[in-house]
Amino acid sequence: MEGVADLQTLIPPRTTSRRVQAAIEQGIKAFFGGNALVAIIVLALITIFLFREGFGFFGQNLTNLRLYRQAGLEYVDIIRDVSTQHEALSRKLSDIRLQEARAMEKRSVPVEEINATLAPFDQFASAFGDTAENLRTLVSDLTDQASALKESLYARAELAAQRAQLERSGALAAAEKIAVPAVDRATALATLHQGAATFESVSAEMTATLYTLLAQAPPLPDAAEQKTFDQWKTRTREYLAGLPKASENLRTWSAETPIPWYRSISSFLFGRDWVTASFWQDWYGIVPLLVGSILVSIVALFFAVPLGVASAIYVSEIASVHEKRFIKPYIEFISAIPSVVLGFFGIAVVGQFIRAASQSPWFKWISFFPISERLNIFTAGCLLALMAVPTIFTLAEDALRNVPRGFKEASYALGANRLQTIARVLVPASLSGIVSAILLGLGRVIGETMVVLLCAGNRIAIPDFSQGLGAIFQPVHTMTGIIAQEMGEVVRGSTHYRALFMVGLVLFTITLGINYLAQKLVARYRMSIG
C-alpha cells in the first residue's frame with residue numbers, strides 16, 4: 001500500500017495532465033497557424049508588389065509610343081519594314097544556297113564542282129542584295145532625323161516636368177531658372193515627309209531591276225530546292241506588288257493621329273519584338289519570350305513524362321524490393337543537383353554532343369542537320385526534363401499507391417495479368433493524380449531560370465517554324481531568362497524595369513494557373529477514390 005501511495009504522489013492528477021496537454025495543443029496550433037498566416041501574408045505582399053511595380057509599365061509605355069509617333073519614327077518604320085522584308089528575302093536566298101550545297105554533298109559532289117555549279121546563283125543573290133542599297137541609305141538618313149527630333153521632344157518634356165514639379169512645390173525662383181526650349185517640330189516633320197518622294201523613286205528603280213533579275217534567275221540542279229526557289233520568286237513578286245501600298249501609307253500617315261490607351265497593353269501582349277537599349281525606340285513584346293518558354297517546356301515534357309510516369313509504374317508495381325531501394329533514391333536525388341551545375345553540364349556535354357551528332361554522316365538524311373548552335377531549345381529542354389523527372393516520378397508513384405488495393409485484387413480475380421491490370425485498372429484509376437503530377441512538373445519546368453539562361457541560347461526571336469522540327473534546334477530566350485539577365489542592369493522605375501515586372505506577373509499567372517489546375521485534378525482524384 002505504501003508503494004501505491006508513492007506512485008500516486010509521483011503521477012500528477014488527471015486534470016492537471018489535461019490542462020498541460022491542452023496548453024501544448026494550443027501552442028502547437030498557434031505555431032502552425034502563425035506560420036500559415038505568415039505564408040499567406042508573404043504571398044499577398046508578393047502579389048501586391050508585382051501588380052504595383054508592373055502596372056505602372058502601361059502608362060510609361062503609352063507615353064513612349066505617343067512620343068514615337070510625334071517624332072515621326074513611326075513614319076520611318078513604314079520604309080524600314082520594306083527594307084526588312086528585302087533582307088529576309090536575301091537571307092532566304094542564302095538558306096536555299098546552303099540547302100542546295102548540302103544536297104550536292106550528299107551525292108558526293110566535290111566542293112570545287114559545287115562552287116562552280118552554284119556560281120550563277122551566287123551572282124544572282126549578290127545582285128539581289130545590292131538592289132536595296134539606296135533603300136538602306138534612305139532608312140538610315142530618315143532614322144537620324146527622326147531620332148534627333150525625338151531626343152529634342154523628350155528633353156523638352158523632361159524639363160517641362162521638372163519645372164512643373166518645382167512650381168507645385170512653391171519653388172518659383174528655381175522653376176524660372178529652367179528654360180524649356182522650343183522645338184520646331186513642324187519643320188522637322190515636313191523634312192521627313194519629303195522622304196516619300198525619294199522612296200517612290202527608289203522603289204520604282206528597285207522594282208524594275210528586280211523584275212529583270214527574276215527573269216534571268218538561274219536554275220538549280222536539285223528539284224526540291226528549285227521548288228523552294230520558285231516559291232521564293234513568288235514571294236518576291238508579292239513583295240514588289242506591295243511597294244505601292246507602302247508609298248500610299250507614307251502619304252496618308254499623320255503624326256497627329258491619336259494612339260488609343262489599349263495600344264500599350266496590346267503591344268505588350270501581342271508584340272513580337274523585345275528590343276532594349278535601342279538608339280531609336282525600345283519595344284517590349286512578350287510573344288518571343290512566351291514562345292521560347294513554351295517550346296522549351298514542350299521538349300522537356302516530351303522526355304520527362306514518359307520517363308517519370310514509366311519509372312513510377314515500374315517502381316510501384318513491377319520492381320522488386322531491392323530494385324526499389326536502388327532506383328527510387330537515385331531518381332529523387334536528381335532534384336538535389338543545383339540547377340547551375342546542370343546548366344554547366346548542358347553547355348559542356350549535352351550541347352556539344354548534340355551538335356557533334358548532327359554533323360555525323362549517319363544523320364545526313366535529316367534536312368536541318370547539321371546544326372550550328374549547340375545552345376538551343378533542344379539542349380535546354382533535355383536538361384529541364386532531367387529536373388522534372390523527380391517531381392513527376394514522386395507524385396505519379398503516390399497516385400498509383402493510393403489506388404485501393406481492392407481494384408487490383410478484383411482485376412486479378414477476373415483473370416487479368418499484371419500488365420493488363422496496370423494498363424486497364426491502375427493507370428485509369430490514378431489518371432487524375434498522374435495528370436496533376438505532369439502539370440506540377442510543367443510548373444517546375446516553366447519557372448526554371450538558370451538552366452534556360454545557360455543552355456537556351458538567349459536569342460530574342462521567334463523560331464523559324466518553316467523548318468519543321470528543325471525549329472527546336474534554334475536558340476530562344478525565355479521569360480525567366482530575360483528577368484534574370486536584365487533586371488540587374490535596369491534603372492529602378494524605368495519603363496524597362498516595369499516591363500520586366502510585367503513579364504514576371506505573366507509568369508506568376510501562368511504558374512498559378514497550372515498549380516490551381518493540378519490541385520483541382522488532385523481533389524477530383526481523391527473524390528473518385530473516396
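The values are calculated or read from the model by the stated rules, or taken from the named source; none is laboratory data. These numbers come from a predicted model, not from an experiment. Reconstructed Cβ throughout: ideal geometry from the backbone, glycine too, with neighbour counts over all protein chains shown.
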Unmet criterion (only one of (1) of a type outside the set (Gly, Ala, Ser); (2) assigned to a helix (DSSP H, G or I); (3) surrounded by 15 or more Cβ atoms within 10 Å (Cβ to Cβ); (4) in contact with a helix residue (DSSP H, G or I) (Cβ under 6 Å, 6 or more places away or on another chain)) for residue 340: (3)
Sort out for me the helices (runs of 4 or more DSSP H) sitting completely within segment 357-459 that have 1 or more residues that are touching a Leu at 6+ places or on another chain (Cβ under 7 Å) and among the hydroxyl-bearing types (Ser, Thr, Tyr). 377-401, 431-446
Sort out which residues of segment 106-122 are out of contact with any Lys or Arg (no Cβ under 7 Å at 6 or more places or on another chain) and either of a type in the set (Lys, Arg) or touching a residue at least 60 places away in the same chain (Cβ under 8 Å) (or both), and write them in order of number. 107, 117, 120
The condition from (1) under 25 Å from residue 209 (Cα atoms); (2) touching a Ser or Thr at 6+ places or on another chain (Cβ under 7 Å) that residue 137 misses is numbered (2)
Return the only residue of 99, 70, 145 being under 28 Å from residue 359 (Cα atoms) and either in contact (Cβ under 8 Å) with a residue 40 or more places away in the chain or among the hydroxyl-bearing types (Ser, Thr, Tyr) (or both). 99
If I filter segment 459-481 for residues that are buried (at least 22 other Cβ atoms within 10 Å of the Cβ) and aromatic (Phe, Trp, Tyr), do I get at least one hit? yes
Quickly run through segment 201-243 and pick out the residues that are under 28 Å from residue 254 (Cβ atoms) and either at pLDDT below 90 or touching a Leu at 6+ places or on another chain (Cβ under 7 Å) (or both). 202, 203, 206, 207, 239, 240
So, of the residues in segment 82-131 that are among the β-branched types (Val, Ile, Thr) and not in a helix (DSSP H, G or I), which turns out to be modelled with the lowest pLDDT? 109
Of (1) without any contact (Cβ under 8 Å) to a residue 12 or more places away in the chain; (2) within 28 Å of residue 61 (Cα to Cα), residue 460 satisfies every one except (1)
Exception for residue 409 within (1) in contact (Cβ under 8 Å) with a residue 12 or more places away in the chain; (2) of a type in the set (Asp, Glu); (3) surrounded by fewer than 22 Cβ atoms within 10 Å (Cβ to Cβ) falls at (1)
Of those in segment 53-73 that are charged (D, E, K, R) and either modelled with pLDDT of 90 or more or surrounded by fewer than 18 Cβ atoms within 10 Å (Cβ to Cβ) (or both), the residue farthest from residue 144 (Cα to Cα) is 66
Could you tell me which residue of segment 108-123 is surrounded by the fewest Cβ atoms within 10 Å (Cβ to Cβ), considering only residues that are over 40 Å from the mean Cα position of the chain (by Cα) and of a type in the set (Val, Ile, Thr)? 109
Restricting attention to segment 257-304, the residues that are among the aliphatic types (A, V, I, L, M), in a loop (DSSP other than H, G, I, E, B) and in contact with an Asp or Glu (Cβ under 8 Å, 6 or more places away or on another chain) number exactly 0
Which one of these does residue 235 not meet: (1) among the basic types (Lys, Arg); (2) over 30 Å from residue 192 (Cβ atoms); (3) touching a residue at least 24 places away in the same chain (Cβ under 8 Å)? (2)
If you scan segment 314-332, which residues turn out to be among the hydrophobic types (A, V, I, L, M, F, W, C) and either in contact with a helix residue (DSSP H, G or I) (Cβ under 6 Å, 6 or more places away or on another chain) or free of Cβ contacts under 8 Å to residues at least 12 places away in the same chain (or both)? 315, 319, 321, 326, 327, 331
Tell me yes or no: at least one residue of segment 318-331 is polar (S, T, N, Q), farther than 29 Å from residue 473 by Cα, out of contact with any Phe, Trp or Tyr (no Cβ under 9 Å at 6 or more places or on another chain) and in a helix (DSSP H, G or I). no
Only one of 168, 156 is assigned to a helix (DSSP H, G or I) and surrounded by 13 or more Cβ atoms within 10 Å (Cβ to Cβ), namely 156
Given 325, 263, which one is over 26 Å from residue 431 (Cα atoms), out of contact with any Lys or Arg (no Cβ under 7 Å at 6 or more places or on another chain) and surrounded by fewer than 19 Cβ atoms within 10 Å (Cβ to Cβ)? 263
